[in-house]
């Protein structure tokens, strides 16, 4: 293994652990409080009917927890990294939309009173960049991995 | 020992002005409403959500309501409006003055004539007392305590509700959907 590929592996490890911790923390901040609080934050975006808001509020924190644990353990990394990037891209798009419309609403990211601002956009934009980088790295590493048994056959 | 655990909530509630409350203080759920008289979302909350809340939960003894001032620096006349409202609370006239301030919000926000709106719901003798009381140190101190209480729960926008049951407090801001608020209160009341 070259030093470059060692570095890329280390970067991948750091990214997936960091994103995993962030997702588990985000899930915990929602699951430790009544679901209605997160529902009101989701409803603040004024995008979904109430029934769907309730569904999102009751299920999304569990999905975040699941994704976070998968990232931390490294199972199905390419799929999980791609799903994380898609999820964060969706969150980021919704936040940018709300900010552009001048809506003073909580972002619903990490518990109460996290009002959307340039700071929250910068934070979530950085997370999205990290998830995209992790996705690219996980696919590249898969492509570069030697085929099973290649040493035996050499 | 139990007092030690209750202390943060008790300290937060010690500064309540009894003239700015509604309902039974022994109700299972307390809701503190941090509001700014010049904020359009607060007008919406005051005129649409608050009456429902008062009818369904305050009148039935499930919720104890506490009104708190949180004048935002971005609003030029918020502080003046809060001063008059708290001074009116000394005469047990907080609610009529608050109702009038929200009713005429668009007008006085534009022309700055806050006092005209306040005076419109007071008698001449009440006007004198409220005018004098608006600069009183105790009134200004009470508003400062409300702002500090809001800062204590990291409020950055209005209206924000702090819903509490015992020592557990949940700050809520945003669109404050009544259906979810109702469900939350019902869950906490059990």
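Figures for the structure shown
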| item | result |
| --- | --- |
| Calculated FRET value between residue A:63 and residue B:91, using beta carbons and R₀ = 51 Å, to 0.05 | 0.40 |
| Helical mean residue ellipticity (222 nm; -39500 (n - 2.57) per DSSP H run of 4+; nearest 500) of chain A | -26500 deg cm²/dmol |
| Order of B:54, A:54 under a 10 Å beta carbon neighbour criterion, fewest first | B:54, A:54 |
| Inter-label distance for residue B:151 and residue B:186, nm, one decimal - labels placed 7 Å from Cα along Cα-to-Cβ | 3.9 |
| The protein assembly as shown, Rg to Rh (Cα coordinates; Rh as Kirkwood inverse mean 1/r) | 1.11 |
| Largest-first ellipsoid semi-axes for the range B:92-176, taking √(5λ) over the Cα gyration tensor eigenvalues, angstrom | 28, 17, 12 |
| Residues A:118, A:76, B:108, sorted so that the one with the fewest Cβ neighbours within 10 Å comes first | A:118, A:76, B:108 |
| Using a Förster distance of 56 Å, the FRET efficiency for residue B:137-residue B:54 (Cβ separation, nearest 0.05) | 0.95 |
| Rg over Rh, two decimals, chain B (C-alpha only, Kirkwood Rh) | 0.96 |
| Residue order, fewest to most beta carbons within 10 Å, for A:21, B:114 | A:21, B:114 |
| Extension reserve of the residue A:21-residue A:90 stretch, reckoned as 0.36 nm per residue once the Cα distance is removed | 22.9 nm |
| Span from the the range A:70-121 Cα centroid across to the the range A:31-66 one, whole angstrom | 13 |
| Point-to-point label distance, residue A:8-residue B:168, nm (Cα→Cβ direction, 7 Å offset) | 4.8 |
| C-alpha long axis of helix A:118-144 to longest principal axis of chain A, angle in ° | 30 |
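None of the figures in this text is laboratory data; all of them are computed from the coordinates on show. Note that the coordinates shown come from a computational prediction; the quantities given were computed from them, not determined experimentally. Ideal geometry is used to build each Cβ from the backbone, glycine not excepted, and the neighbour counts take in all protein chains shown.
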